[in-house]
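Inspection log for the structure reproduced underneath, given as structure tokens.
Derivation of every value follows stated rules applied to the coordinates shown; laboratory data play no part. For clarity, every value in this text was computed on a predicted model and none was experimentally measured. Using ideal geometry, Cβ is built from the backbone for each residue, glycine included, and neighbour counts are taken over all protein chains shown.
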Ligand SMILES: Cc1ncc(C[n+]2csc(CCOP(=O)(O)OP(=O)(O)O)c2C)c(N)n1
């Protein structure tokens, strides 16, 4: 992805989250966990991947899905429980999988993606399938035992997994400093003998370059790698969060390092973007999201007899 294309993908993800937040503010609308503020981490990592790679993600997944090429209309339809959603409206925002894009699962069980990534990678390795497995998780998930089991197993079994810890400073309503004495999750990963790197997760080009290096290393070695992206969740934990516990003082420096504004400033400064092109880009992504909302609203709910299809019982 070019730097401009990465900006476009971040704008799409931001426009999607802004619209979902507006719909939630207007009236009854299903709960979601916003990825606003974390777009550079999602887009930068996905930009380094190939179609044959697999992705496992967590509850804050919209930017991952959109960066991977998911259709916002089908994501929205899924969130709204409509039949045109990626899982026929049965998963909501917290369990989406998109098989055709290699998105194996979205886990709302914190650490669920960490428990499954070695299994996915092992199955693919045994089946001689090409591609690596990417596992996005938060710093809160890293504080669970499964993080350690997953990394240990992946190193012992030499599984080609890119672990991406999106360290967004919060774990639901708890500050990271209250549950971790180390500042960086990468410090823990090093203990398992896999290469680890911590990067500025609000700079999309830095993330893409680091992810490319990580992915190249994994493809060459067949072994896992841990990439930690330092970022910030610009909205509350979930859509019903009053955010009363978050101060403007805490947010300000992170908002000043907003990933989208930074990329816009960089590209304008370099001359690879003009105000005119930026305005056209903004109009196009908002038009896309407007159309997605219309499509999702007008889509039918699943028929009652679909209740027991595509589910385990
Ligand atoms: C096993 C489990 N424990 C607790 C929860 C409730 N919960 C949902 S999100 C969350 C915090 C996760 O923090 P982190 O992994 O840092 O991800 P973030 O929300 O910051 O993106 C918690 C505790 C859950 N869903 N699953």
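Key figures
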read-out	value
Cα-projected label distance for residue 297 with residue 50, points at 7 Å along beta-carbon direction, nm	4.3
Per-pair calculated FRET efficiency, R0 = 30 Å: residue 109 and residue 255 via Cβ, rounded to 0.05	0.50
Three-way shape label, the chain, alpha-carbon gyration tensor, a/c 1.5	rounded
Cα-based Rg of region 62-145 normalised by 2.2 N^0.38 Å, two decimals	1.15
Cβ-Cβ FRET estimate between residue 265 and residue 99, R0 fixed at 30 Å, reported to 0.05	0.20
Ratio of the Cα radius of gyration of region 165-313 to 2.2 N^0.38 Å, where N counts its residues	1.40
Cβ-Cβ FRET estimate between residue 152 and residue 245, R0 fixed at 45 Å, reported to 0.05	0.85
Fraction in percent of alpha-carbon pairs per bin - 5 Å, region 7-156	2, 10, 19, 22, 21, 14, 8, 3, 1, 0, 0
Per-residue [θ]222 nm for the chain (sum of -39500 (n - 2.57) over DSSP H runs n ≥ 4, rounded to 500)	-14500 deg cm²/dmol
Prolate/oblate/rounded label for region 232-310 (Cα gyration tensor, a/c 1.5)	oblate
